[in-house]
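Read through the structure below, which is laid out as structure tokens, and then see the notes.
The values are calculated or read from the model by the stated rules, or taken from the named source; none is laboratory data. As the structure is a computational prediction, the values presented were derived from the model and not from experiment. No Cβ is skipped: glycine too gets one built from the backbone with ideal geometry, and neighbour counts run over all protein chains shown. Accessible surface is based on the protein model in full, side chains and every heavy atom, while ligands, DNA and RNA are left aside. Shrake-Rupley method; radii C 1.70, N 1.55, O 1.52, S 1.80 Å.
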Amino acid sequence: MQTITILGATGSIGASTLDVLARHPDRYRVYALTAHSRVEELALQCERFRPEVAVVGSASSAKLLSDLFRGKGLNIQVEYGESALCAVASAPGCDAVMAAIVGAAGLAPTLAAARAGKKVMLANKEALVMSGRLFMDAIAESNATLLPIDSEHNAIFQCLPRNYGRSMPDHGIAKVLLTASGGPFRNRAIETLDAVTPEEAVAHPNWVMGRKISVDSATMMNKGLEVIEAHWLFGAPAADIEVVIHPQSVIHSMVSYIDGSVLAQLGNPDMRTPIAHALAYPERIASGVAPVDLALIGQLAFERPDLNRFPCLRLAYDALLVGGSAPAILNAANEVAVEAFLDRRIGFRMIDRLIARVMDRLPGTDVADIDDLLVQDRHARDMAHSFIQQGTS
Ligand code: NAD
Ligand code: MG
């Protein structure tokens, strides 16, 4: 029996994880579920999965959740705030952690799970993008197991040799090929992109996801963050990470070997596949995902990404090449820009302009530790906010 903490249980990845867990009550038990503000939803999940602990974002949410539990006669410990998230991610009572909080808010608890030597199932790519080497060092020092949930990285993981040691040349690997759907604006006239609405941007053609990652997919910052994620997970130099547009989202990514072989992982676009893979690894369990019907799909297409259409992808490669705190600065500026776009305070094309402007002013430096990193993250956010206020981004 494996005990699981789900950080961000009420999100898209959290709900898909619970769906897979519900299919295997003999293998998994939920230790803790966390949510930020959707308290009623979390209460329903708790009623069904009976965790030992539930964590929410504030004292008032905690009071509401306790009242709901009392009404239902449930005896579940209720906590709130970042230290409680870190506690349930590192508690002796949990074996594995699904890191599925969105954005930088997930860094501290995900890192706590890594430091505690847990099996870390990483969906929260922003945490790794921000902390890079510090995160990978924490995993190595505590002998934690790190398994990628992001569908591309999970695919690459499945196409790598089992004994892969994060050195591509040692295993005859030439490149990792990250596939990208191209999002909802792949074919839209560039001059009309300024006018797109948040509703259009979050309407992804192939995947149903949270709002922030959906906007990131529309700008292709999501792929940029994934390039940085691949660098850290697989020890891949930026030059050996290639992005390929593949609109059908059937091939989830590939590994290209020096003998000319290219290994790919295919499947329907449904996050329950990588989630089930990571939960059961190295075994396999059913996920509820229908088998892929290639004849029905008919054709698989590929094209190169257009960096003029998607400047965020270029910005992410730039940040990776600069290194140090540059990816954290990129991520912080992006989080502020996406939130402002979703709130209709800036237009779609302002997202990349704002990030570029913050990166120009804050070039990124070496970082000694997480506190150092968080200072730079704060600084980048403040600068992005002030550019938005000035309206001159
Ligand atoms: P979502 O918006 O649907 O859910 C986010 C979860 O995080 C919610 O449970 C929410 O309560 C919690 N949360 C939000 N802000 C918080 C805060 N400040 N403190 C604590 N908890 C907070 O997002 P999602 O689509 O499930 O994505 C989650 C993560 O997984 C992201 O990092 C995303 O990039 C990554 N990811 C998602 C998908 C997908 O298909 N949805 C695929 C690959 C990677
Ligand atoms: Mg992905």
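Annotation: for a label point projected 7 angstrom from Cα along Cα→Cβ of Arg345, no residues of the range 209-233 have a backbone N closer than 14 Å. Overall form of the range 215-317: prolate. Here a/c, set by the Cα gyration tensor axes a ≥ b ≥ c, is 1.5 or more, and a/b is the larger of a/b and b/c.
Dipole magnitude for the range 323-390: computed about the Cα centre from +1 point charges on Lys and Arg Cβ and -1 point charges on Asp and Glu Cβ, it is near 500 debye. For the range 100-257, the square roots a ≥ b ≥ c of the C-alpha gyration tensor eigenvalues yield an a/c of 1.5 or more together with a/b not exceeding b/c, which makes the shape oblate. Between Ile329, Ile251, Ile285, the GNM of the chain built on Cα springs shorter than 10 angstrom shows Ile285 fluctuating the most.
What 222 nm value per residue comes from the helices of the chain, counting each DSSP H run with n ≥ 4 as -39,500 (n - 2.57) and dividing by all residues, nearest 500 deg cm²/dmol? All intermediate terms of the calculation are to be shown ahead of the outcome.
Working: 16 runs with 184 residues, N = 393.
Counting only the DSSP helices, I get -14500 deg cm²/dmol.
Suppose R0 equals 51 Å. What FRET efficiency, 1/(1 + (r/R0)^6) with r the Cβ-Cβ distance, do Ile258 and Leu44 give to the nearest 0.05? Don't skip to the answer; put the middle values down first.
On the way: r = 51 Å, r/R0 = 1.01.
Step by step, r from the Cβ atoms, then E = 0.50.
Rolling a 1.4 Å probe over the protein heavy atoms gives the range 323-390 an accessible area of 44 Å² per residue.
Under the criterion of Cα pairs below 8 Å and six or more residues apart, the relative contact order for the chain equals 14 percent.
Rounded to the nearest 20 debye, the dipole size of the chain about its Cα centre is 540 debye, using +1 on the Cβ of Lys and Arg and -1 on the Cβ of Asp and Glu. With contacts taken as Cα pairs under 8 Å at a separation of at least 6 residues, the range 23-162 carries a relative contact order of 16 percent. Scattering from the range 202-247 was approximated by placing one identical point on each alpha carbon and applying the Debye formula without solvent; log10 I(q)/I(0) at 0.25, 0.34 1/Å stands at -0.91, -1.18.
Which of Lys125/Lys223; Lys118/Lys212; Lys175/Lys223 have a Cα-Cα distance over 20 Å? Those over the limit are Lys118/Lys212. Expressed as a whole percent, the proportion of Cα-Cα pairs in the chain lying more than 28 Å apart is 45%.
Working from Cα pairs under 8 Å separated by at least six residues, relative contact order for the range 135-207 is 21 percent. Quick check: at a probe of 1.4 Å, how many percent of the accessible area of the chain sits on carbon and sulfur atoms? That fraction is 51 percent. So for the pair Lys72, Ile190, with labels modelled 7 Å out along Cα→Cβ, what separation do we get in nm? Once both label points are built, they end up 5.1 nm from each other.
Take every DSSP beta bridge with both residues inside the chain and express the antiparallel ones as a percent of the total, to the nearest 5. Walk me through the numbers on the way to the answer.
Numbers: 10 of 39 bridges.
Antiparallel bridges: around 25 percent, rounded to the nearest 5.
FRET efficiency for the pair Asp95 and Arg284, taken as 1/(1 + (r/R0)^6) with r the Cβ-Cβ distance and R0 = 25 Å, rounds to 0.85.
If you plug the beta carbon distance of Asp26 and Gln390 into 1/(1 + (r/R0)^6) with R0 = 41 Å, you get a FRET efficiency near 0.10. Residue-wise HN-Hα couplings along the range 55-68, as the Karplus relation 6.51 cos²θ - 1.76 cosθ + 1.60 with θ = phi - 60° gives them from phi, are 10, 10, x, 9, 4, 5, 5, 5, 5, 4, 5, 4, 4, 4 Hz; Gly and Pro carry x.
With the simple spin-label model, which puts each label point 7 Å out from Cα in the Cβ direction, the Val375 to Ala301 separation comes to 5.0 nm. Spatial offset of the range 153-230 relative to the range 329-393 amounts to 21 Å, using the alpha carbon center of each. Summary of the geometry: the range 238-279 and the range 34-102, compared by the centres of their Cα atoms, lie 34 Å apart.
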